[in-house]
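S.K.: Input: one structure, supplied below.
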Amino acid sequence: MSQASVSGKEMQARSEDSVKPSPLPAGLGLLFRALKEPGNVLQVLRAQQQLRRCTSVPISVRVRGRVFVENHGEMLIGERVRIDGRMNPVEIVAWKGSRLSIGDGTFLNYGTSLSAHEEVSIGHDCLIGNYVTIMDNDYHDVSDRNSLGPSSPIRIGNGVWIGIRSVVLRGVNIGDRSVIGAGSVVVSDIPPNSIAVGVPAKVVRTLT
């Protein structure tokens, strides 16, 4: 094979490489993949509009229905978070000096209410059921009901499932991959890989 033919092939390869499109940024890549599915365009646009008061909202977040957002602190929404507020709106509130974060791939169903006076942290790939309430303050002190009372951080691990109409109160840590049964009131820590049910919620089974 002649040197000229080798050079010609090299030049052709270089020419083909030069017309290859440069890779898209990660966020735009997710957006273009989402736009290929019917209905996703509206969900992406709705997320950007309704969550505009959040501190951080990736382009991969999707919203169906309505979301009420009040942000006076820091509010961080992870990649691929999905929010369904069609039947009743989802409420997300961060008060002054607080931090509220929702991890990648987490789903919030309609009627969910999140409120942070100090910190509410939800991990990635969690499922938050209908009408679940998560708040790090009781809002009324037992002795002085006109007083706000103390706040304590809530930390929910990765892969947690919280069933319909459950309540998670201040100072609670829920471990990774745990399940909270429907209608439970969580007032104390739940270890990882546990199923907890009841009022107050108690561990009834360990997941293997």
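S.K.: Just give me the residues in region 176-192 being out of contact with any strand residue (DSSP E or B) (no Cβ under 6 Å at 6 or more places or on another chain), without any contact (Cβ under 8 Å) to a residue 24 or more places away in the chain and surrounded by 15 or more Cβ atoms within 10 Å (Cβ to Cβ), in sequence order.
M.R.: Here is the first cut: in region 176-192, the ones out of contact with any strand residue (DSSP E or B) (no Cβ under 6 Å at 6 or more places or on another chain) are 176-177, 182-183, 187-188, 191-192.
In the following step, the residues that additionally are without any contact (Cβ under 8 Å) to a residue 24 or more places away in the chain were identified as 183, 187-188, 191.
Hit for region 176-192 is G183, nothing else.
S.K.: Still on this structure, please answer the following. Restricting attention to region 28-62, and to residues there that are basic (K, R) and exposed (fewer than 13 other Cβ atoms within 10 Å of the Cβ), which single residue is modelled with the highest pLDDT? Before you say what the answer is, go through the steps one by one.
M.R.: As a first pass, look at region 28-62 and keep what is basic (K, R): 33, 36, 46, 52-53, 62.
Next cut, exposed (fewer than 13 other Cβ atoms within 10 Å of the Cβ) only: 33, 36, 52.
Working: R33: 58, K36: 59, R52: 94.
Once the filter is applied, the top-ranked residue is R52.
S.K.: While we're here: Within region 194-208, how many residues are in a loop (DSSP other than H, G, I, E, B) and surrounded by 17 or more Cβ atoms within 10 Å (Cβ to Cβ)? Working first, answer last.
M.R.: At the first step, the residues of region 194-208 found to be in a loop (DSSP other than H, G, I, E, B) are 198-201, 207-208.
Subsequent filtering for residues that are surrounded by 17 or more Cβ atoms within 10 Å (Cβ to Cβ) retains 201.
Within region 194-208, residues that are in a loop (DSSP other than H, G, I, E, B) and surrounded by 17 or more Cβ atoms within 10 Å (Cβ to Cβ) number 1.
Residues are listed down the side, and each one gets a yes or a no for (1) surrounded by 21 or more Cβ atoms within 10 Å (Cβ to Cβ); (2) in a strand (DSSP E or B):
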residue: G65; (1), (2): no, yes
residue: V69; (1), (2): no, yes
residue: M75; (1), (2): yes, yes
residue: E91; (1), (2): no, yes
residue: K96; (1), (2): no, no
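S.K.: Can you pull out every residue in region 105-147 that is among the basic types (K, R) and under 19 Å from V61 (Cβ atoms)? So that I can check it myself, show each step before the final result.
M.R.: In the first step, residues of region 105-147 are kept if they are among the basic types (K, R); the result is 145.
The answer is none; no residue qualifies.
S.K.: For region 129-152, give me each residue that is assigned to a loop (DSSP other than H, G, I, E, B) and under 22 Å from R86 (Cα atoms). It would help to see each step written out before you state the result.
M.R.: Step one: filter region 129-152 for residues assigned to a loop (DSSP other than H, G, I, E, B), giving 129-132, 136, 138-150, 152.
Answer for region 129-152, where residues must be assigned to a loop (DSSP other than H, G, I, E, B) and under 22 Å from R86 (Cα atoms): G129, N130, Y131, V132.
S.K.: Of a type in the set (S, T, N, Q), touching a residue at least 24 places away in the same chain (Cβ under 8 Å) and in a loop (DSSP other than H, G, I, E, B): is that true of N158 in this structure? Steps first, answer last, please.
M.R.: Details: of a type in the set (S, T, N, Q): yes; touching a residue at least 24 places away in the same chain (Cβ under 8 Å): yes; in a loop (DSSP other than H, G, I, E, B): yes.
Yes; evaluated as a whole, the condition is true for this residue.
S.K.: Of the residues that sit in region 77-89 and are assigned to a loop (DSSP other than H, G, I, E, B) and over 18 Å from Y131 (Cα atoms), which one is nearest to the chain's Cα centre (by Cα)?
M.R.: To start, the set of residues in region 77-89 that are assigned to a loop (DSSP other than H, G, I, E, B) comprises 78-81.
If we keep only those that are over 18 Å from Y131 (Cα atoms) as well, we get 78-80.
Values: G78: 6, E79: 8, R80: 8 Å.
That would be G78.
S.K.: Report whether or not D104 is closer than 20 Å to T208 by Cα, in a loop (DSSP other than H, G, I, E, B) and in contact (Cβ under 8 Å) with a residue 12 or more places away in the chain.
M.R.: Details: closer than 20 Å to T208 by Cα: no; in a loop (DSSP other than H, G, I, E, B): yes; in contact (Cβ under 8 Å) with a residue 12 or more places away in the chain: yes.
The answer is no for D104.
S.K.: Oh, and also: Tell me, yes or no, whether region 141-152 has at least one residue that is surrounded by fewer than 20 Cβ atoms within 10 Å (Cβ to Cβ), modelled with pLDDT of 95 or more and out of contact with any Leu (no Cβ under 7 Å at 6 or more places or on another chain).
M.R.: Yes; the residues of region 141-152 include at least one that is surrounded by fewer than 20 Cβ atoms within 10 Å (Cβ to Cβ), modelled with pLDDT of 95 or more and out of contact with any Leu (no Cβ under 7 Å at 6 or more places or on another chain).
S.K.: Sticking with this one: E118 - would you say it is touching a Pro at 6+ places or on another chain (Cβ under 6 Å) and either at pLDDT 95 or above or not acidic (D, E) (or both)? Full working, then the answer.
M.R.: Working: touching a Pro at 6+ places or on another chain (Cβ under 6 Å): yes; either at pLDDT 95 or above or not acidic (D, E) (or both): yes.
Answer is yes for this residue.
S.K.: Then there's this: For region 110-119, check the following and say yes or no: at least one residue is under 13 Å from V160 (Cα atoms) and part of a strand (DSSP E or B). Explain how you work it out, then say what you get.
M.R.: Taking region 110-119 first, the residues under 13 Å from V160 (Cα atoms) are none.
Looking for residues that are under 13 Å from V160 (Cα atoms) and part of a strand (DSSP E or B), one finds none in region 110-119, hence no.
S.K.: Residue check: is I164 out of contact with any Phe, Trp or Tyr (no Cβ under 8 Å at 6 or more places or on another chain) and either β-branched (V, I, T) or not in a strand (DSSP E or B) (or both)? Give the derivation first.
M.R.: Details: out of contact with any Phe, Trp or Tyr (no Cβ under 8 Å at 6 or more places or on another chain): no; either β-branched (V, I, T) or not in a strand (DSSP E or B) (or both): yes.
For I164, the condition - out of contact with any Phe, Trp or Tyr (no Cβ under 8 Å at 6 or more places or on another chain) and either β-branched (V, I, T) or not in a strand (DSSP E or B) (or both) - is not met.
The values are calculated or read from the model by the stated rules, or taken from the named source; none is laboratory data. Quick caveat, the model's predicted, so the values are computed rather than measured. A quick note on method: Cβ atoms are made from the backbone with ideal geometry, for glycine too, and the neighbour counts reach across all protein chains shown.
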